[in-house]
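Have a look at the structure below before the remarks.
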């Protein structure tokens, strides 16, 4: 747990990094409420291990979030199914909000590990090596998961949203 002397350091971390961590959690799960719950749990776990986590608290918390999402994926089949509320976008034609929604819906259909890889690589802008460290896997696995996830997105997205020539090794 956090000592009284370390409390301000942890609180500063929470204040400065929570918005980015919440966005990261949302991109992993696609639901604001669930992302907030996951972040709260991850921050609690980070606080419990602050002596270890304080060296790289952002990476520690992201890895915790990824692990929580994987745990959720493993136990989801044991729970009663959840129904998501679908939002009908106004018929104003394609635009940034509609583009984002189409991409998020496609990302939600990816396996959790592929989704985590894409979020870390392209939304968090981490290198292959940094992503491998957070996911606790090899750089080859990160490249493979990125390639598979992008291929799956190409199939899931409508033709006018398809991505071409994304560099998985950058």
Failed condition for residue 139, given (1) crowded, with 17+ Cβ neighbours inside 10 Å; (2) at pLDDT 90 or above: (1)
Which numbered condition residue 7 misses (of (1) over 21 Å from residue 115 (Cβ atoms); (2) surrounded by 14 or more Cβ atoms within 10 Å (Cβ to Cβ)): (2)
Selection within the range 21-40 - touching a residue at least 60 places away in the same chain (Cβ under 8 Å) and either assigned by TED's automatic domain parsing to the domain that holds residue 109 or surrounded by fewer than 18 Cβ atoms within 10 Å (Cβ to Cβ) (or both): 23, 30
Test result for residue 151, within 23 Å of residue 68 (Cβ to Cβ) and out of contact with any strand residue (DSSP E or B) (no Cβ under 9 Å at 6 or more places or on another chain): no
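For the structure I just gave you, tell me whether residue 170 is in a helix (DSSP H, G or I), farther than 18 Å from residue 29 by Cβ and modelled with pLDDT under 90.
No; evaluated as a whole, the condition is false for this residue.
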Residues of the range 49-63 satisfying the condition of being touching a residue at least 24 places away in the same chain (Cβ under 8 Å) and within 20 Å of residue 37 (Cβ to Cβ): 57, 58, 61, 62, 63
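Condition test on residue 46, is it without any contact (Cβ under 8 Å) to a residue 40 or more places away in the chain and surrounded by 14 or more Cβ atoms within 10 Å (Cβ to Cβ)?
Numbers: without any contact (Cβ under 8 Å) to a residue 40 or more places away in the chain: yes; surrounded by 14 or more Cβ atoms within 10 Å (Cβ to Cβ): yes.
Judged against the criteria, residue 46 is a match.
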Qualifying residue in the range 87-106 (condition: in a loop (DSSP other than H, G, I, E, B), surrounded by 18 or more Cβ atoms within 10 Å (Cβ to Cβ) and either touching a helix residue (DSSP H, G or I) at 6+ places or on another chain (Cβ under 7 Å) or at pLDDT below 90 (or both)): no
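The values are calculated or read from the model by the stated rules, or taken from the named source; none is laboratory data. Please read these numbers as outputs of a predicted model, since none were measured by experiment. Here Cβ is always computed from backbone atoms with ideal geometry, including for glycine, and neighbour counts include all displayed protein chains.
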